[in-house]
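Visitor: For reference, the structure I am asking about is given below.
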Amino acid sequence: MHHHAHHTHEHAHDIDWDALSAHLEREAELHTPALTRATHWLSDLLGGADVSRVLDVGSGPGVVTGLLADAFQDAEVVAVDQSPALLERARVRSGGRITTQQADLPDEFGTLGPADLIWSANAVHHLGDQQAALTALAASLRPGGLLAVAERGLPVRFLPRDIGLGRPGLQARLDAGHEGGFTTMRAELPGSVDRVEDWPAMLACAGLVPTGTRTFLTDLPAPLGLPAREYLHTRLARQRDQFGEHLDDQDRAVLDALLDTEGPTGILWRSDAFYLTATTVHTARFCTTE
């Protein structure tokens with residue numbers, strides 16, 4: 001199970017997360033200003049509470065883990081992931097500021113240990129029973145501890161509606177393919193349970209007290225820098241592989257033009273490419289009744 005944002009929707013156990021490391025890292029780096037604001041919000045929510053242990057569950061290459069270490073400098077900050085290679089990348093990125101813990105979830109939720117703050121971004125939806133996953137995460141919170149779950153938000157926008165190729169509205173059709181793939185992925189997960197994805201209600205059902213939801217915008221206007229363009233190129237290539245057969249011939253041809261690394265139609269060269277998305281974070285606390 002890995003961390004972060006508007007990624008692909010194969011089965012978590014079918015994905016080569018190690019090979020995806022650079023893509024995941026670049027994606028999280030694009031979102032770093034927004035994610036930094038999110039960690040500051042969590043710090044504000046916790047107020048003057050003594051935060052001694054922070055978990056990033058589904059940490060991937062550890063970009064957010066490092067931001068949590070920046071925000072909670074007196075705490076032990078732990079990257080938790082199933083992939084040893086991603087955890088090693090997280091350790092190297094942090095310059096030794098974090099620790100790592102390999103865990104295969106949901107089977108090893110009980111090994112996480114107690115924490116004052118648990119962050120999990122786009123990881124819970126890779127587990128069949130999302131409610132059980134939230135309940136298990138809540139069980140690791142110390143009294144007064146905070147669980148922050150980043151899920152959904154808004155899909156990425158990166159091109160105008162009419163890009164001068166094919167029918168206008170390509171991104172809406174890519175979104176539809178993405179959602180179809182997500183639904184299939186969820187249905188085929190081991191122990192999959194249908195659930196209304198009302199995250200504050202699910203956090204309350206886990207025995208926590210919801211403490212607010214916020215959305216953090218990532219807004220990189222045109223013209224984009226090369227790292228963002230390279231990220232978009234990889235993203236489009238993965239979408240072409242995953243559900244290209246569900247698109248019509250014209251849309252596939254447009255995707256191929258966008259993936260052309262040499263021609264002016266390619267995403268690596270277009271002056272109208274931008275990057276706009278939103279990350280939504282749901283929070284809740286473990287409040288004792290004493």
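The values are calculated or read from the model by the stated rules, or taken from the named source; none is laboratory data. Keep in mind it's a predicted model, so treat the numbers as computed, not measured. Note that we place each Cβ from the backbone using ideal geometry, even for glycine, and neighbour counts take in every protein chain shown. Surface areas here come from the heavy atoms of the whole protein model, side chains and all, with no ligands, DNA or RNA. Shrake-Rupley method; radii C 1.70, N 1.55, O 1.52, S 1.80 Å.
Visitor: Could you tally the net charge around LEU165, taking each other residue with its Cβ under 15 Å from the Cβ of LEU165, Lys/Arg +1 and Asp/Glu -1?
Guide: Local charge sum for LEU165: -1.
Visitor: Report the residues of the stretch 216-248 in range of a label on HIS40: point 7 Å along Cα→C-beta, backbone N strictly under 18 Å from it.
Guide: Under cut-off, by backbone N: 216-220.
Visitor: Still on this structure, I have one more. What accessible area per residue, rounded to a whole number of Å², is obtained for the chain using a probe radius of 1.4 Å?
Guide: Roughly 42 Å² per residue, with all protein chains present.
Visitor: Report, in deg cm²/dmol and to the nearest 500, the calculated mean residue ellipticity at 222 nm for the chain, where each DSSP H run with n ≥ 4 adds -39500 (n - 2.57) and the sum is divided by the residue count.
Guide: My calculation for the chain gives -12000 deg cm²/dmol from helical runs alone.
Visitor: Any idea what the relative contact order of the chain is, in percent, if you count C-alpha pairs under 8 Å spaced at least 6 apart?
Guide: Relative contact order of the chain: 22 percent.
Visitor: Once phi is turned into ³J(HN,Hα) by the Karplus curve 6.51 cos²θ - 1.76 cosθ + 1.60 with θ = phi - 60°, what whole-Hz value does each residue of the stretch 103-119 show in order, with x for glycine and proline?
Guide: Couplings: 8, 9, 9, x, 5, 10, 4, x, 9, 5, x, x, 8, 8, 9, 10, 10 Hz.
Visitor: Roll a 1.4 angstrom probe over the protein heavy atoms and tell me the percent of accessible area of the stretch 223-290 that is carbon or sulfur.
Guide: 56 percent
Visitor: Seen from all sides and averaged, what is the projected area of the convex hull of the Cα atoms in the chain, in nm²?
Guide: Approximately 14.7 nm², given one-decimal rounding.
Visitor: Let me check against my output: what whole-number percent is the relative contact order of the stretch 112-203, with C-alpha pairs under 8 Å and at least 6 apart?
Guide: Here the relative contact order equals 37 percent.
Visitor: Expressed in nm to one decimal, what extension gain is obtained for the pair ASP248 and ALA19 from 0.36 nm per residue of sequence separation less their Cα-Cα distance?
Guide: Net length gain for the segment: 79.5 nm.
Visitor: Let me know the charge dipole size of the chain about its Cα centre in debye, to the nearest 20, where only the beta-carbon of Lys, Arg (+1) and Asp, Glu (-1) is charged.
Guide: 680 debye
Visitor: For THR100, list long-range residues whose amide hydrogen, built 1.01 Å from N in the peptide plane, is under 5 Å from its own amide hydrogen.
Guide: Residues meeting the criterion, in which the H sits 1.01 Å from N, are ALA79.
Visitor: Among the complete DSSP H segments of the chain, which ones combine at least 24 Å of alpha-carbon extent along their axis with a mean Kyte-Doolittle hydropathy of -1.0 or more?
Guide: What comes out of the filter, once short or polar helices are dropped, is 170-188.
Visitor: What residues from the stretch 210-235 fall in the zone where the backbone N is under 18 Å from a label point 7 Å along the Cα-to-C-beta line of ARG93?
Guide: 218, 227-232, 234-235
Visitor: Where the centre of each part is set by its Cα atoms, how far does the stretch 232-290 sit from the stretch 179-227, in angstrom?
Guide: About 16 Å separates the Cα centre of the stretch 232-290 from the one of the stretch 179-227.
Visitor: Please compute the Kirkwood hydrodynamic radius over the stretch 172-290, one decimal place, Å, based on all pairs of different Cα atoms.
Guide: 17.6 Å
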